[in-house]
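Scroll down for the structure; my scribbles are underneath it.
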Amino acid sequence: MNANKYVCSRISFRAWAFFLIILTLSSLSCKKYLEKKSNQSLVIPSTIGDFQALLDFYQRINHLESAAGEVSADNYYISSSTFSTLNEFDRRKYIWEKDHLFPEGASNDWANLYANVYRANVVLEDIDNVDYSSLDESAWRAVKGHALFLRAKSLFDIAIIWALAYDSSTASVDLGIPLRLNPEFNSLSKRANVQQTYDQIIQDLIGACSLLPTTAVHVYRPSKPAAYALLSRLYLSMRKYDSCYKYSDLCLQLRDSLYDYNNASSSGNFTIPNFNPEVLYNSIPAYAAPISYTNAKVDSLLYNSYTDTNDLRKLLFFKKNADNTYSFGNSYYQYNLFSGVAVDEVYLMKAECLARQGIVTEAINVLNTLLIKRWKTGTYIPYVTIDSKDALDKILLERRKELIMRCLRWMDIKRLNKEGANIILERLINGQSYTLLPNDPKYALPIPEDVISISGMPQNLR
């Protein structure tokens with residue numbers, strides 16, 4: 001193996017065989033939710049069931065997404081005393097340093113996401129060669145669609161963190177990310193441009209939409225509505241609002257169920273149930289100390305934006321600390337932040353696109369459909385407006401409040417600043433102020449230095 005060409009992960013072929021054995025054993029622990037793996041001696045995947053088992057390794061695939069964007073965003077702050085307890089990489093991420101934001105090796109955010117790209121590629125490399133009967137066709141389609149979805153989501157997450165915001169006027173020259181599209185270790189990784197990056201993700205998601213079932217066995221697996229929702233999110237990040245609307249509407253035609261927050265307990269921690277009816281695809285980011293429930297404090301202006309006492313989100317989302325500050329205290333996956341795909345986000349995307357197109361009444365109706373499930377029963381007074389700017393402002397404010405700590409804010413800041421929102425990020429540590437200005441090159445985080453050293457790829461500008 002040529003080490004100079006080995007970029008995306010550090011899994012050797014021997015480690016890969018070992019990984020499959022561990023996968024087989026670990027699949028037994030999730031049999032409550034997913035199909036049980038039958039052959040515990042399997043090493044080389046060759047059947048539909050083998051490939052599905054590879055994609056069902058949720059402890060690695062669904063539970064190790066990147067928190068780097070959320071750590072870099074403005075949903076929270078940490079005290080100077082907490083800052084001093086963080087490791088070097090988390091401190092540098094928090095204040096947007098120019099380099100050394102990730103440790104070297106196979107367990108950082110970059111490696112975790114590209115490991116998922118690799119797993120998807122293993123499936124996509126061979127799934128077309130698997131023989132199956134007409135009775136197995138739906139399972140075969142679900143596996144291939146799952147792999148396309150996984151590769152697309154992983155590449156999209158990588159692009160949001162390590163590439164600049166999509167801009168149609170510069171996308172053909174802006175640095176994108178390496179597009180690893182096969183499991184060959186020794187192929188040289190090169191950075192595509194941003195346009196090529198997004199084109200590939202779109203292609204994968206459209207393929208996934210055509211293959212996935214309307215309802216998955218469990219939300220650890222993707223479905224057609226989940227793929228539509230993710231495609232809508234992708235187009236939102238590109239500021240292509242007509243396409244964003246199209247796929248948000250397609251999603252809601254299949255899945256429009258909302259969880260009524262009146263059904264959540266108002267006492268105790270983590271009272272919104274896992275896998276609630278809104279969840280289309282369940283995933284969580286890897287642990288990151290700055291945004292842990294014990295370290296992160298919610299900005300007071302953000303907390304105070306929940307102005308209505310009947311808004312259950314203010315009661316459910318936040319926990320008061322002994323020093324009268326507030327911490328975030330609820331997510332769609334207890335004890336962890338949620339980085340998956342859910343129906344409430346889709347409502348907000350549809351509403352935003354309608355408002356931007358001047359279809360104000362329908363936009364506000366979509367928003368009201370969501371918010372009535374967030375207020376105490378019988379207390380919600382629907383928004384009313386005929387002005388498109390007013391409608392858009394309301395929708396964006398509710399998006400900010402609804403999707404707090406959902407690993408979407410970094411994407412939103414980047415795209416909205418392209419629209420002239422002028423969002424300026426500030427940190428204050430030990431009396432020193434740190435600022436990140438709109439459209440700064442630092443919105444593309446530095447690629448881990450060992451990856452740059454090994455591959456020779458150009459680093460992001462700082």
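The values are calculated or read from the model by the stated rules, or taken from the named source; none is laboratory data. Please read these numbers as outputs of a predicted model, since none were measured by experiment. Note that we place each Cβ from the backbone using ideal geometry, even for glycine, and neighbour counts take in every protein chain shown. Please note that ligands, DNA and RNA were not included when accessible areas were found on the heavy atoms of the full protein model with its side chains. Shrake-Rupley method; radii C 1.70, N 1.55, O 1.52, S 1.80 Å.
Among the residues of segment 323-335, is any crowded, with 20+ Cβ neighbours inside 10 Å, modelled with pLDDT of 95 or more, of a type outside the set (Phe, Trp, Tyr) and touching a strand residue (DSSP E or B) at 6+ places or on another chain (Cβ under 9 Å)?
no
Do you know which residues across segment 271-322 are hydrophobic (A, V, I, L, M, F, W, C), within 17 Å of the chain's Cα centre (by Cα) and not in a loop (DSSP other than H, G, I, E, B)?
Start the filter on segment 271-322 by keeping residues that are hydrophobic (A, V, I, L, M, F, W, C), which leaves 272, 275, 279-280, 284, 286, 288-289, 291, 296, 298, 301-302, 312, 315-318, 322.
Filter once more, so that each one left must be within 17 Å of the chain's Cα centre (by Cα): 275, 279-280, 284, 286, 288, 291.
Correct list: 279, 280, 291.
So how many residues does segment 212-240 have that are touching a Lys or Arg at 6+ places or on another chain (Cβ under 8 Å) and open to solvent by 30 Å² or more (accessible area, probe 1.4 Å)?
Number satisfying all stated conditions: 3.
For the list (1) surrounded by 21 or more Cβ atoms within 10 Å (Cβ to Cβ); (2) among the small types (Gly, Ala, Ser); (3) at pLDDT below 95, I need the number of the one condition that residue 29 fails.
Just one mismatch for residue 29, condition (1).
Take residues that are polar (S, T, N, Q), open to solvent by 30 Å² or more (accessible area, probe 1.4 Å) and at pLDDT 95 or above and tell me which of the helices (runs of 4 or more DSSP H) falling wholly in segment 353-427 contain 1 or more.
On the way: elements: 360-371, 388-402, 409-418.
Where helices (runs of 4 or more DSSP H) fall fully within segment 353-427 and carry at least 1 residues being polar (S, T, N, Q), open to solvent by 30 Å² or more (accessible area, probe 1.4 Å) and at pLDDT 95 or above, they are 360-371, 388-402.
Search segment 186-211 for residues being surrounded by 17 or more Cβ atoms within 10 Å (Cβ to Cβ) and of a type in the set (A, V, I, L, M, F, W, C), and hand back the single one that is farthest from residue 227 (Cα to Cα). Write out each step before concluding.
Filtering segment 186-211 down to residues surrounded by 17 or more Cβ atoms within 10 Å (Cβ to Cβ) leaves 189, 191-195, 197-198, 200-202, 204-205, 207-209, 211.
From what is left, the residues that are of a type in the set (A, V, I, L, M, F, W, C) are 192, 194, 201-202, 205, 208-209, 211.
Working: 192: 23, 194: 21, 201: 11, 202: 10, 205: 6, 208: 7, 209: 6, 211: 10 Å.
Selected residue: 192.
Which condition breaks for residue 318 when tested against (1) loosely packed, with under 15 Cβ neighbours inside 10 Å; (2) free of Cβ contacts under 8 Å to residues at least 40 places away in the same chain; (3) within 17 Å of residue 261 (Cα to Cα)?
Here residue 318 meets the rest and fails (1).
Name every residue in segment 111-129 that is among the polar types (S, T, N, Q) and in contact with a strand residue (DSSP E or B) (Cβ under 9 Å, 6 or more places away or on another chain), in order of residue number.
Our first condition is that a residue be among the polar types (S, T, N, Q); within segment 111-129, this holds for 112, 116, 121, 129.
Scanning segment 111-129 gives 112, 116.
So that you can scan it fast, the table gives a plain yes or no per residue for (1) within 27 Å of residue 356 (Cβ to Cβ); (2) among the aliphatic types (A, V, I, L, M):
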position: 216; (1), (2): no, yes
position: 222; (1), (2): no, no
position: 228; (1), (2): yes, no
position: 241; (1), (2): yes, no
position: 249; (1), (2): yes, no
position: 256; (1), (2): yes, no
position: 262; (1), (2): no, no
position: 265; (1), (2): no, no
position: 272; (1), (2): no, yes
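Which numbered condition in (1) touching a helix residue (DSSP H, G or I) at 6+ places or on another chain (Cβ under 6 Å); (2) among the small types (Gly, Ala, Ser); (3) surrounded by 14 or more Cβ atoms within 10 Å (Cβ to Cβ) is the only one that residue 266 fails?
Exception for residue 266: condition (3).
Is it true that residue 258 is open to solvent by less than 10 Å² (accessible area, probe 1.4 Å), within 20 Å of the chain's Cα centre (by Cα) and in contact (Cβ under 8 Å) with a residue 40 or more places away in the chain? Walk me through how you get there before you give the answer.
On the way: open to solvent by less than 10 Å² (accessible area, probe 1.4 Å): no; within 20 Å of the chain's Cα centre (by Cα): yes; in contact (Cβ under 8 Å) with a residue 40 or more places away in the chain: yes.
For residue 258, the condition - open to solvent by less than 10 Å² (accessible area, probe 1.4 Å), within 20 Å of the chain's Cα centre (by Cα) and in contact (Cβ under 8 Å) with a residue 40 or more places away in the chain - is not met.
Kindly establish whether residue 199 is among the acidic types (Asp, Glu), more than 17 Å from the chain's Cα centre (by Cα) and within 30 Å of residue 462 (Cα to Cα).
Details: among the acidic types (Asp, Glu): yes; more than 17 Å from the chain's Cα centre (by Cα): yes; within 30 Å of residue 462 (Cα to Cα): yes.
Taking the combined requirement at face value, the residue satisfies it.
Does residue 119 satisfy the criteria of being open to solvent by 50 Å² or more (accessible area, probe 1.4 Å) and at pLDDT 95 or above? Before you say what the answer is, go through the steps one by one.
Numbers: open to solvent by 50 Å² or more (accessible area, probe 1.4 Å): no; at pLDDT 95 or above: yes.
For residue 119, the condition - open to solvent by 50 Å² or more (accessible area, probe 1.4 Å) and at pLDDT 95 or above - is not met.
State yes or no: is residue 331 closer than 29 Å to residue 159 by Cα and touching a Cys at 6+ places or on another chain (Cβ under 7 Å)?
Values: closer than 29 Å to residue 159 by Cα: yes; touching a Cys at 6+ places or on another chain (Cβ under 7 Å): no.
In short, no.
So residue 138 clears everything in (1) of a type in the set (Ser, Thr, Tyr); (2) out of contact with any helix residue (DSSP H, G or I) (no Cβ under 8 Å at 6 or more places or on another chain); (3) free of Cβ contacts under 8 Å to residues at least 60 places away in the same chain except one condition, right? Which one?
Against the list (1) of a type in the set (Ser, Thr, Tyr); (2) out of contact with any helix residue (DSSP H, G or I) (no Cβ under 8 Å at 6 or more places or on another chain); (3) free of Cβ contacts under 8 Å to residues at least 60 places away in the same chain, residue 138 comes up short only on (3).
Does any residue of segment 176-190 turn out to be touching a residue at least 60 places away in the same chain (Cβ under 8 Å), in a loop (DSSP other than H, G, I, E, B) and among the aliphatic types (A, V, I, L, M)?
So in segment 176-190, the residues touching a residue at least 60 places away in the same chain (Cβ under 8 Å) come out as 178, 180-183, 185-190.
Subset that is in a loop (DSSP other than H, G, I, E, B): 180-183, 185-190.
Then keep just the ones that are among the aliphatic types (A, V, I, L, M); that gives 181, 188.
Looking through segment 176-190, at least one residue is touching a residue at least 60 places away in the same chain (Cβ under 8 Å), in a loop (DSSP other than H, G, I, E, B) and among the aliphatic types (A, V, I, L, M).
Restricting the search to segment 132-185, which residues are among the basic types (Lys, Arg) and open to solvent by 50 Å² or more (accessible area, probe 1.4 Å)? Walk me through it before giving the result.
First, pick out the residues of segment 132-185 that are among the basic types (Lys, Arg): 141, 144, 151, 153, 180.
Answer for segment 132-185, where residues must be among the basic types (Lys, Arg) and open to solvent by 50 Å² or more (accessible area, probe 1.4 Å): just 141.
What helices (runs of 4 or more DSSP H) completely inside segment 46-104 contain at least 3 residues that are β-branched (Val, Ile, Thr) and at pLDDT 95 or above?
Working: elements: 48-55, 58-61, 68-72, 80-85, 88-94.
Where helices (runs of 4 or more DSSP H) fall fully within segment 46-104, none carries at least 3 residues being β-branched (Val, Ile, Thr) and at pLDDT 95 or above.
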